[in-house]
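The values are calculated or read from the model by the stated rules, or taken from the named source; none is laboratory data. Please read these numbers as outputs of a predicted model, since none were measured by experiment. No Cβ is skipped: glycine too gets one built from the backbone with ideal geometry, and neighbour counts run over all protein chains shown.
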Amino acid sequence: MKYLINWGLLLSHSHWITIKFNGKQIRLCARCFGTIIGFLTIFTLLSLIPCNALLNPFLCFILAAPGIIDWLTQSWKIRKGRNDLRIITGFTNGSAVALLSFIPLPFILKLKIVFYSLILILIFGLIGKAIKKTYISEF
């Protein structure tokens, strides 16, 4: 039977972990799995226990920083990644997104924060790869 969506590719598009569910093995992207768990955890906690002290955009950047650093150092091939670290940094990324959703800012401003952050991360990633490629090709 053909499916319209390749769920295997969608769920395990990058370094995956295997989870047994209902007698079947399911492969999930480690960082995305951590992100979903982090988002659901923090979103649920902030829904049940309002805490205005945590609603700070700067805290979102601090929570997202480990995931950004982890991804950049892996994409620049400075170090090898590990799935346990990917799950942890995914959790902090998901926590940052959940926290950002509770901050009382206009939705368009939140989108701009996420969009500009992603563009900046992508630029750093591409610059790092170019520098690494140039540096390696000299030797």
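Here segment 69-107 is the region considered, the condition is being aliphatic (A, V, I, L, M) and modelled with pLDDT under 90, and the residue that is farthest from Cys29 (Cα to Cα) is Leu105.
Restricting attention to segment 30-71, which residues are among the small types (Gly, Ala, Ser) and closer than 14 Å to Val97 by Cβ? Give the derivation first.
So the first thing to find is which residues in segment 30-71 are among the small types (Gly, Ala, Ser), and the list is 30, 34, 38, 47, 53, 64-65, 67.
Result: Gly34, Gly38, Ala64, Ala65, Gly67.
Close contacts from segment 121-138, counting a first residue that is at pLDDT below 85 and surrounded by 14 or more Cβ atoms within 10 Å (Cβ to Cβ) and a second that is hydrophobic (A, V, I, L, M, F, W, C) and not in a helix (DSSP H, G or I), with Cβ to Cβ under 6 Å and a gap of 6+ residues or different chains, come to Gly128/Trp76; Lys132/Trp76.
Taking segment 99-118 as the range and being closer than 21 Å to Cys51 by Cα and touching a residue at least 40 places away in the same chain (Cβ under 8 Å) as the test, the residues that pass are Leu99, Leu100, Ser101, Phe102, Ile103, Pro104, Leu105. Scan segment 56-75 and tell me whether some residue there is touching a residue at least 24 places away in the same chain (Cβ under 8 Å) and more than 16 Å from the chain's Cα centre (by Cα). Looking through segment 56-75, at least one residue is touching a residue at least 24 places away in the same chain (Cβ under 8 Å) and more than 16 Å from the chain's Cα centre (by Cα).
Entry remark, segment 84-139: residues being not β-branched (Val, Ile, Thr) and not in a helix (DSSP H, G or I) number 4 in total.
Return the residue satisfying two criteria in turn: it lies in segment 19-58 and is among the β-branched types (Val, Ile, Thr) and surrounded by 10 or more Cβ atoms within 10 Å (Cβ to Cβ), and of such residues it is modelled with the lowest pLDDT. Selected residue: Ile19.
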